[in-house]
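The values are calculated or read from the model by the stated rules, or taken from the named source; none is laboratory data. Worth saying up front: this structure is predicted, and the values here are computed from it rather than measured. All Cβ positions, glycine included, derive from the backbone under ideal geometry; neighbour counts span all protein chains shown. With ligands, DNA and RNA removed, areas are computed over all heavy atoms of the protein, side chains included. Shrake-Rupley method; radii C 1.70, N 1.55, O 1.52, S 1.80 Å.
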Amino acid sequence: MTIRCSALTAAAFALLSAGAANAAAALGGDEASQGAHAAHGSGTPAILLQRPADAAFMAVPGVPSCTTIAPLRGNMATGASTLMVRMRSGCLVPNHWHTPTEELVVLQGAPLAQMKGERPVILKVGSYSQLPSGHIHRFRCTSVEDCLIFMVADAPFDIYFVNEAGATLTPEAALAAAALDDGSGW
């Protein structure tokens, strides 16, 4: 993962990239409760995750601490990847965009999504969203329970925070503004 608006430590970068490579080991628990990991005919291990909320979530430098990511497949730093995203109840990820196209499916909770220039929409469990490269958007988890989102990125993952006018913000400035957001602008 590259967060080009701030310095990302090499250790955190390596940890996130290694997450997908070691997804089977990171899932932990017994096979009956977590899923089974079997060798595929291609030599690539299969990942069966029965309880997505139990994935190996980790913090991502430069994004709100209430949002964590569990890499499942691929390498976020170098190419396409599949991720599980968890937003704690009330969590806000302010206006931002990514280089990759994102595909999202809501598995739990009720995230409020707003695309630049559009009305906000509450996504319900099972909702699908496709966000093209460069598309400015923001999310807030509005449910009492955490929001859990299955995400596929088609290129190396990055995040660029912006203000309402689309000007780039540092993660620190974006997160400081988000802390003052009372939700009335949605």
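Of the candidates Ala165, Ala177, the single residue that is outside any loop (DSSP other than H, G, I, E, B) and either within 18 Å of Thr67 (Cα to Cα) or not hydroxyl-bearing (Ser, Thr, Tyr) (or both) is Ala177.
Close contacts from segment 46-59, counting a first residue that is under 8 Å from Met84 (Cβ atoms) and touching a residue at least 60 places away in the same chain (Cβ under 8 Å) and a second that is open to solvent by 40 Å² or more (accessible area, probe 1.4 Å) and not acidic (Asp, Glu), with Cβ to Cβ under 9 Å and a gap of 6+ residues or different chains, come to Pro52/Arg86; Pro52/Leu107; Pro52/Gln108; Pro52/Phe150. Of everything in segment 70-84 that's among the aliphatic types (A, V, I, L, M) and open to solvent by 10 Å² or more (accessible area, probe 1.4 Å), which residue is farthest from Thr168 (Cα to Cα)? Residue satisfying both the conditions and the ranking: Leu72.
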